[in-house]
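Read through the structure below, which is laid out as structure tokens, and then see the notes.
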Amino acid sequence: MTLVTDRPTRGRSGAAPRPARRRRGHRHNRAAYLLLAPWLVGLLGLTAGPMIASLYLSLTEYDVLNPPTFIGGDNYVEMFTEDPRYLSSLWTTMVYVAVSVPVKLAFALGVALALNKGLRGLGFYRAVYYVPSLLGGSVAIAVMWRQIFGGDGLINSVLGALGFTDLPAWVADPDYALGTLIVLAVWQFGSPMVIFLAGLKQIPRELYEAAEVDGAGTWRRFRNVTLPLLTPVIFFNVVLQLIGSFQAFTPAFVVSGGTGGPLDSTLLYTLYLYEQGWANFRMGYASAMAWVLLGIIGAITAVAFLTSRYWVHYTDGDK
């Protein structure tokens, strides 16, 4: 005799039938998508959507007041063949990045090494040195910087008291104006310094003790122990600072009064992009500039990652 029941059949492990598990999985997926919905809406509406629109506008002539007119790649051709101020802004930005990034990181590393000596009140000094990084991009600090390096500013007052004469108005002299922006960038060393300090704390003291037993001096310990083990942190800081430096805008805008002067000596790329888009209402041209900047940053970042295998070392022996 065969006994027939309506009870659902279970597998050997007593698990629920596959359709039931599938339904529960679908419910979990719906819940996950529901929770991700705000982020997805933000990604599509605030990031992906505007990027696609900007890419299209870069191929048009658009002044905000009239509908965009498709002109193909004319904006890109004009940039590199008919616009000397664009090439000037690109060169100025390259100089700014090439000088400010290494000097800033070297200064940050030096301060981090000094703070890593076990000073009392380390938290206080770390907070004080980090403050410029928090305030350096603000309009107030840029205005203060313009006053400090003005013709009758603090720098000239101090140098005049030391006996120097015929001092220039630093921000008004094309030979020195970009240098004041570089000094301002270096002054904002707090963020990479904190990262360097965290990396130094992770280096085992036993390695320094072993090197000292072998007769290594301060320089050799720094070169053979500190630098190799700190290269991942250096690489991280280099990438962040490169990207941030290419996007510098507020200091150049405030110091030059929004003109990039004197004689375009402080005309950084982002400032010229702003001028084309919001002063000349050439939104299509500005969009093309933005995409070229994205390509430049992406290419330099890719080169940094490709070359990192030759100089970035990790404690597990991999490169």
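Placing +1 on each Lys and Arg Cβ and -1 on each Asp and Glu Cβ, with no other charges, gives segment 78-311 a dipole about its Cα centre of roughly 920 debye. Given segment 128-179, report the % of alpha carbon pairs whose separation exceeds 12 Å. Here the long-distance tail beyond 12 Å is 67 percent of all Cα pairs in segment 128-179.
Helix-only arithmetic for the chain: the sum of -39500 (n - 2.57) across DSSP H runs with n ≥ 4, divided by the residue total, places the mean residue ellipticity at 222 nm at -20500 deg cm²/dmol.
So for the chain, averaging the separation of alpha carbon pairs under 8 Å that are six or more residues apart and normalising by length, what relative contact order in percent results?
25 percent
Given R₀ = 51 Å, what would the calculated FRET efficiency be for Glu82 paired with Tyr33, taking r from the Cβ atoms and rounding to 0.05? List each step's numbers first, then the result.
Details: r = 49 Å, r/R0 = 0.96.
The value I calculate is 0.55.
If we count other beta carbons within 10 Å of each Cβ, what is the order of Phe246, Phe149, fewest first? Please report the intermediate quantities before stating the final value.
On the way: Phe246 21, Phe149 25.
Ascending number of Cβ neighbours within 10 Å: Phe246, Phe149.
Ordering Tyr62, Tyr314 from the fewest to the most neighbouring beta carbons within 10 Å gives Tyr314, Tyr62. What separates the Cα centres of segment 115-167 and segment 81-106 is a distance of 23 Å.
Mean 1/r over all different Cα pairs, inverted: what Kirkwood radius does segment 135-283 give, in Å? Provide the component values of the computation, followed by the final result.
Values: mean 1/r = 0.0546 Å⁻¹.
After inverting the mean inverse Cα-Cα distance, the result is 18.3 Å.
Let me check I have the definition right: for the chain, take the eigenvalues of the Cα gyration tensor, multiply each by 5, take square roots. What are those semi-axes in whole Å, largest first? Walk me through the numbers before you get to the answer.
Numbers: eigenvalues 453, 270, 68 Å².
Calculated on Cα positions only, the semi-axes equal 48, 37, 18 Å.
Sorting check: for 169-177, 70-78, which peptide has the highest mean count of neighbouring beta carbons within 10 Å, and how do the rest follow?
Details: 169-177: 17.9, 70-78: 14.6.
Those peptides, ordered most packed to least, come out 169-177, 70-78.
Applying 1/(1 + (r/R0)^6) with R0 = 35 Å to the Cβ-Cβ distance of Leu122 and Thr250 gives a FRET efficiency near 0.70. The alpha-carbon positions of segment 213-319 define a convex hull whose volume is 136 Å³ per residue.
Sorting Arg126, Arg30, Arg146, Arg220 from the fewest to the most surrounding beta carbons within 10 angstrom yields Arg30, Arg220, Arg126, Arg146.
Between Val41 and Leu294, the modelled labels are 2.4 nm apart [label points 7 Å from Cα along Cα→Cβ]. For the pair Phe236 and Ile155, the difference between a 0.36 nm per residue extended length and the Cα-Cα distance amounts to 25.8 nm.
Just so you know, all these numbers are worked out from the coordinates, no wet-lab data involved. Predicted, not measured: the structure shown is a model, and the values here were computed from it. Note that each Cβ is placed from the backbone with ideal geometry, even for glycine, and that neighbours are counted across all protein chains shown.
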